[in-house]
Amino acid sequence: MRRVSFEAEYPTELAHPIHRELSETEGVTRIELLAWSPAGRVKTLLWFDGDESAVRRLLAAVESLVTASLVSGSDGTYAFLDQTVYELADEVMDVVSRSQVVFLPPVTFLDFGAARFDAVGESDQLATLYDALRDVVPTSIRRVHDFERQHSPMGLTDRQRTALDVAVDVGYYAVPRTGSVADVAAELDCATSTAGELLRRAEATVVADYVRSQ
């Protein structure tokens, strides 16, 4: 079983409305799709690296949106969306629906038009997905490695769990906050951007796990 990290560059006509709007909206550069419903009414949980006002400007582009619940996080905004359809291009949805692989969260959308995601499956199934995607949008492979299940009860990696533990110790989650991402980075002996990414991914995993358990 293999795990492959893909990057697809969506042309404007095939991009999701939120992704198209991302390059035009100030205050947000990254969206992570953390969890989604498998069928029926479309419900998604997303994280944005911007504040609520910027997120609401982005969501105005989604015609299928029924309701949106926004919650400010430590380093961005979470949004629980209820839509009538996904609004992905039919060509993309067809590739996804025909694939014989499993897609892992998060799916990350970036403001320069790219989307990054991981898929797990047998090598031939992943190769078939790759070929099918390349027929629709420019797609590249960023990483390939063996798939290993996460050992944390909530899917956290050891480094993400350590980052959360350190963040609590330095007061990053205290109210009022007494520690910063830079303090976490100093304790982990890594770059501030790396510490921030670890915390964002850990927080996303914890929130998605909580939502699935309800």
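The values are calculated or read from the model by the stated rules, or taken from the named source; none is laboratory data. Predicted model, so just to flag it, every value in this text is computed and none were measured. No Cβ is skipped: glycine too gets one built from the backbone with ideal geometry, and neighbour counts run over all protein chains shown.
Name the residue that is nearest to Y78 (Cα to Cα), counting only residues in segment 21-36 that are part of a loop (DSSP other than H, G, I, E, B) and touching a residue at least 40 places away in the same chain (Cβ under 8 Å).
V28
How many of the residues making up segment 167-208 are of a type in the set (S, T, N, Q) and in contact (Cβ under 8 Å) with a residue 12 or more places away in the chain?
Here the count works out to 1.
If you go through segment 104-141, how many residues are acidic (D, E) and under 26 Å from R200 (Cβ atoms)? Can you show your working first?
Of the residues in segment 104-141, the ones acidic (D, E) are 111, 118, 122, 124, 131, 135.
Next cut, under 26 Å from R200 (Cβ atoms) only: 111, 118.
Adding up the residues that qualify gives 2.
Mind checking which residues of segment 192-210 are within 13 Å of L46 (Cβ to Cβ) and either among the small types (G, A, S) or not assigned by TED's automatic domain parsing to the domain that holds A167 (or both)?
A204, A208
Give the residue that is farthest from the chain's Cα centre (by Cα), with candidates limited to residues of segment 32-68 that are hydroxyl-bearing (S, T, Y) and under 19 Å from V207 (Cβ atoms).
It comes out as T67.
Kindly indicate whether any position in segment 158-181 is closer than 26 Å to L126 by Cβ, surrounded by fewer than 20 Cβ atoms within 10 Å (Cβ to Cβ) and within 15 Å of the chain's Cα centre (by Cα).
no
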